[in-house]
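K.L.:
Can you read through this structure? Questions will come right after.
The values are calculated or read from the model by the stated rules, or taken from the named source; none is laboratory data. If you're wondering where the values come from, they're calculated on a predicted model, not measured in any experiment. Cβ sites come from the backbone with ideal geometry, for glycine too, and all protein chains shown count toward neighbours. Side chains are part of the model used for accessible areas, which takes the heavy atoms of the whole protein and leaves out ligands, DNA and RNA. Shrake-Rupley method; radii C 1.70, N 1.55, O 1.52, S 1.80 Å.
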Amino acid sequence: MMDSVHERHRRAIVDRVPSWYRPLPHLVLPSLVGLAALIFAVTRIHALRPIELLAIPATVLVAFAFEWRVHRSVLHRRVPGLGIIYDRHELQHHVVFTDEDMPMRSARELQLILMPAYAVLLIALVNAPLAYLASRFVAPNVGYIYLVTSMGFFLTYEWMHLAYHLPEAHPIGRIRLVARLREHHRRHHAPRLMRAWNFNVTVPVFDWIHGTTWSPEREAGRPARRGSRGRSPAPGRS
Ligand SMILES: [Zn+2]
Ligand SMILES: [Zn+2]
């Protein structure tokens, strides 16, 4: 079923995971840092007004858009200065895991699924000034809600992406919602589709908005069951 070329390329990449790599700290520590930042921000919220809660959907919407854009334009195109991200994603993650071979086979393969451990610090560093501006110019609570939501989104992204690549028998993968979202990501992992379709990893909101939701029905020209828009299918366009 799996061709030997894929197996050979897969093995070459997995073999390059350094011997010092430790899967458990990579899984746990960034999540703890993210949760700590999130809990800190929650404890700073005082005298909350209901209208300030609108910062949650606003932040989530921006995060969906950011996820779609970065995945399409940075993870699948070599941008000067950010080539290492492209290498990690398209030349490693997508070579090891294809639409026909999604599950991880060992804990060491977490290195090829999770973002680098320092990414959580980068996310916090990028979001802190934005949260400060929101707290200064909108309302203090809005800044903290932005921080809570953006860190929560980052953690959700990491955990959901991991869920999609868990071994087949894992109980988390059997949850119906996870299975449905995983199918969206699995289709993105098809080499001929990865540069043009299904860029959202969490919830495919901006794939719906941009018309980049691929399905077999859509390719066959049949009415799609959900999430389809008017653009004609052109797998491989970039
Ligand atoms: Zn993936
Ligand atoms: Zn991708």
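K.L.:
Using only DSSP helix segments of four residues or longer, with each worth -39500 (n - 2.57), what per-residue ellipticity at 222 nm results for the chain after dividing by its residue count and rounding to 500?
P.N.:
Helix-only estimate at 222 nm: -17000 deg cm²/dmol.
K.L.:
What is the packing order of peptides 50-57, 32-39, taking the mean over residues of other C-beta atoms within 10 Å and listing the highest first?
P.N.:
Highest-to-lowest ranking by the protection proxy: 32-39, 50-57.
K.L.:
Only loop residues by DSSP count here, and only those with at most 13 other Cβ atoms within 10 Å; note down the trypsin sites (Lys or Arg not before Pro) in the range 152-213 that meet that.
P.N.:
R192
K.L.:
For the range 120-226, calculate the relative contact order in percent as a whole number, restricting contacts to Cα pairs under 8 Å that are 6 or more residues apart.
P.N.:
In percent, rounded to a whole number, it is 15.
K.L.:
On to the next question. Let me have the relative contact order for the chain, percent, based on Cα pairs under 8 Å that are six or more residues apart. Don't skip to the end; give the middle numbers.
P.N.:
On the way: 275 pairs, mean separation 57.4, N = 238.
Reported relative contact order: 24 percent.
K.L.:
Let me ask something else about it. Calculate what fraction, in whole %, of the accessible area of the range 52-219 sits on carbon and sulfur atoms when a 1.4 Å probe is rolled over the protein chains.
P.N.:
Result for the range 52-219: 71 percent of the exposed heavy-atom area is carbon or sulfur.
K.L.:
Here is a follow-up. Taking θ = phi - 60°, what integer Hz values does the Karplus form 6.51 cos²θ - 1.76 cosθ + 1.60 yield along the range 5-21, in sequence order, with x for Gly and Pro?
P.N.:
4, 4, 4, 5, 4, 4, 4, 4, 6, 5, 5, 7, 4, x, 5, 7, 5
K.L.:
In the Gaussian network model of the chain, springs joining C-alpha atoms below 10 Å, which of T156, T43, T59 carries the largest mean-square fluctuation?
P.N.:
T43
K.L.:
Mind pulling the angle between the C-alpha long axis of helix 176-188 and the longest principal axis of the chain? Nearest 10 degrees, somewhere in 0 to 90.
P.N.:
Approximately 60 degrees, to the nearest ten.
K.L.:
Roll a 1.4 Å probe over the protein chains and send me the accessible area per residue for the chain in Å².
P.N.:
56
K.L.:
Hey, got the dipole for the chain? About the Cα centre, +1 on K and R Cβ, -1 on D and E Cβ, debye to the nearest 20? All intermediate terms of the calculation are to be shown ahead of the outcome.
P.N.:
Details: 30 positive and 17 negative charges, 86 e Å.
With only Lys, Arg, Asp and Glu charged at Cβ, the dipole is about 420 debye.
K.L.:
Quick one: check the C-alpha center-to-center distance for the range 30-64 versus the range 178-207, whole angstrom.
P.N.:
If we compute the Cα centre of each part, the gap is 26 Å.
K.L.:
Let me ask something additional. Please list, in order along the range 129-143, the HN-Hα scalar couplings obtained from phi with the Karplus expression 6.51 cos²θ - 1.76 cosθ + 1.60 (θ = phi - 60°), rounded to whole Hz, x for Gly and Pro.
P.N.:
Once rounded to whole Hz, the list reads x, 5, 5, 5, 4, 5, 6, 6, 9, 10, 6, x, 4, 5, x.
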